[in-house]
Amino acid sequence: MEENDFVSIWLEESGNPAIAELTQLNLDLAGKAAKTLADQDLTENDLAVAVDINPDEIKRWLAGRHPFSIKTLKEISAALTAAAANSPLAP
């Protein structure tokens, strides 16, 4: 891009609204997931085992520092739904 490109200058000065929105959505989702875990008396480690993911990755997700993929969202949803139904967590 050109050094004086209007779009580049605007993005540098004001940020990218789409990225800001996605970041906020990730934070909101992470908060809801953490609340659901707490409501179900589950730990981050319980979720990590249920979705077969490294616990450190779960911590990054729940801190909102790592984006959720559609596959991950489905796995987390299934695990939390199983917990809400009082059935054992399963991948």
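What follows draws every value from the coordinates through simple rules; no lab data is involved. Just so it is clear, the structure is predicted and the values come from calculations on it, not from any experiment. No Cβ is skipped: glycine too gets one built from the backbone with ideal geometry, and neighbour counts run over all protein chains shown.
Figures for the structure shown
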item	result
Signed unit charges on C-beta, dipole axis of the chain, positive-most listed residue THR43, SER8, LEU25	THR43
Estimated FRET transfer efficiency (ILE70, THR43; beta-carbon r; R0 30 Å; 0.05)	0.75
Separation of the LEU22 and ALA34 label points, Cα + 7 Å toward Cβ, nm	2.2
